Amino acid sequence: MAAPAGLRGWVLALGAALACGAALAGPVERCMNLSNALEAPHEGDWGYVIERDHLGEIAAAGFDTVRLPARVDAHFRDGRIDPAFLARLDQVIGWAEAAGLQVILDLHHYEALMADPAAEADRFVAIWDALGAHYAGHPDTLIFELVNEPTDALTTDRAADLQARVIARLRPAHPDRWIITSGGGWGGLDGMLDMAPPGHRELRSFHYYDPWDFTHQLAPWTGQDLPARGWGGAEDRARVKVDMFRAAAPGWPVLLGEFGTYRDTDPAARAAWTGTVRRAAEAQGIGWCYWGFAADFRAFDAGTGTWLPGIRAALLD
Amino acid sequence: MPKTQTLQIDRFIRACPSDVFRVLADPDLRKSWLYDLPGAETLSFSLDFREGGYERSAFRFDGGAVFETEVLHHRIEPDESVSCTRILRIDGQTVSTSEREMTLRPLNDGCLFRCAERMTFHDDRDDLTRHRDMVTYLVDRLDAVIARSLNRVA
């Protein structure tokens, strides 16, 4: 049976036209989110204050990176970041680096940007101008994440345009720093997959909390009164495998920037979901950041200074 | 931006669904219509035809670029349907991905084979027209292999 006219020619031309080379590997393998601290209105409001020893615990457990969510926009006035807040960022970044950890500095909870990207675009750019100037010359173990979970009016296309604008301004002083970008829809998988291929040292991120009614069950702040439910059947596990396969499909450097379960979920089910997601991501070469360290989705009990054994094993064994 | 488009190809095949399903599921039969293309050298092929199982292949034409396909099967209902995610890479670069569902429905003295895909093209040197041509060609080959397996043709 002969191939249709032109088909074989297309195959040959396509092969000849494409450049060789595998996608770059990302810089992050195992990362912990320092969640609910510096993205709260005031550090401590949401039940967690970062302590120096915690960075040591994280490094000793086997993580290579921490992600530091920070609500920088709430501390940005008159073209400058509040020096006290900037000093706190510097302090935590310094603690992490002293412990041998990379740091992802993540611009978190910029709600006004989600509501009205056009009105906030220049301010968003100015915030990154300020952060870029402050961290110019800093080792490239500091990674910038431009915006957490684009959503609402900050669609994938708008988020992509805005992030590209910031990257262009950052690059002269940060030529080889990894910069993390994400798509719309709360930074989810489909938004990421709708983006164009990333540029130099650009790491694509997506967040994964599927199924939502499992990972957020019993969480009072969802406003959804989600009842307890289980997880772990063959179909549940297959779905995770497919989603990670899809995430890796474009061949870009990809980071699973958040995944986790609410603390009141059944511990065995929490551990099963966490381990399944982590292994499926690693099988596809995807680095990950667990959400989060010691607050609502905790892996660590800051009161006793101990890891939750099921979550620790699911992440690291 | 990647382009996402949908594709559906229907084909009446004069065989019962179980005979068609066998040609989808049997590694040797599957390789014979899906990969051993005229003028192509098949470099590798493996098939784990189970839910959660992978199919991987590599081939090239005239010593040129290496084409790789990787398929993850996520739902298999014997004699009825197969759902999978498929990636096509050329020299390690992803060209397209698809969410594919193949269904079989008894019809008259045979069955209706339907291949429905949600395609994402990551490179503008691939497009829906070319992909449709390729799938149509492969379904022709599938039909021919089924006919041979049923001794309908020499």
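Every read-out reported here was derived from the displayed coordinates using simple, explicitly stated rules and does not represent laboratory data. Every value quoted in this text rests on a predicted model; they were computed, and no experiment measured them. When we count neighbours, we look across all protein chains shown, and the Cβ atoms used for this are built from the backbone with ideal geometry, even at glycine.
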Inset, instruction - Could you run the Karplus curve 6.51 cos²θ - 1.76 cosθ + 1.60 with θ = phi - 60° over segment A:261-271 and give me ³J(HN,Hα) per residue in whole Hz, x for Gly and Pro? - result: 9, 5, 5, 8, 5, 3, x, 5, 5, 4, 5
Legend entry - Amide H contacts of A:ARG67 (H built 1.01 Å from N, under 5 Å, at least 5 apart or other chain): A:MET32, A:ASN33, A:LEU34, A:ILE104
Inset, instruction - Counting only DSSP beta bridges with both residues in segment A:163-317, tell me the antiparallel percent, nearest 5. - result: 15
Inset, instruction - For segment A:26-32, just list the computed ³J(HN,Hα) in residue order, Karplus coefficients 6.51, -1.76 and 1.60, θ = phi - 60°, integers in Hz, with x standing in for Gly and Pro. - result: x, x, 10, 10, 10, 9, 10
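Rounded to the nearest 5, what % of the DSSP beta bridges within the protein assembly as shown are antiparallel ones? Working shown, then result.
Numbers: 61 of 91 bridges.
Given both bridge residues lie in the protein assembly as shown, the antiparallel proportion sits at roughly 65 percent.
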Inset, instruction - Evaluate peptide A:232-238: per residue, the Cβ atoms of other protein chains within 10 Å of its Cβ; return the mean as an integer. - result: 2
Legend entry - Assigned charges on the beta-carbon of Lys, Arg, Asp, Glu; chain A dipole about Cα centre (debye): 940
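Given Cα pairs under 8 Å that are at least 6 residues apart, what percent is the relative contact order of chain A?
On the way: 552 pairs, mean separation 54.5, N = 317.
17 percent.
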Inset, instruction - Putting +1 on Lys and Arg Cβ atoms and -1 on Asp and Glu Cβ atoms, find which of A:GLY191, A:MET32, A:ALA59 reaches farthest to the positive end of the dipole of the protein assembly as shown. - result: A:GLY191
Legend entry - Proxy reagent accessibility, fewest Cβ within 10 Å first, across A:TRP291, A:TRP186, A:TRP221: A:TRP221, A:TRP186, A:TRP291
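For A:THR265, B:THR136, what ranking results if the residue with the fewest other Cβ atoms within 10 Å of its Cβ goes first? Can you show the working numbers first?
Values: A:THR265 24, B:THR136 15.
Placing the least packed residue first, the sequence is B:THR136, A:THR265.
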Legend entry - Backbone HN-Hα couplings from phi across segment B:70-76 [Karplus 6.51/-1.76/1.60, Hz, Gly and Pro as x]: 9, 10, 10, 7, 10, 8, 10
Inset, instruction - Name the residue farthest towards the positive end of the dipole of the protein assembly as shown from the options A:THR181, A:HIS75, B:GLY39, assuming +1 on Cβ of Lys and Arg, -1 on Cβ of Asp and Glu, about the Cα centre. - result: B:GLY39
Legend entry - Fewest-first sequence of A:CYS31, B:CYS115 by Cβ atoms within 10 Å of each Cβ: B:CYS115, A:CYS31
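Let me know the charge dipole size of segment B:3-149 about its Cα centre in debye, to the nearest 20, where only the beta-carbon of Lys, Arg (+1) and Asp, Glu (-1) is charged.
Numbers: 21 positive and 27 negative charges, 32 e Å.
Value, rounded to 20: 160 debye.
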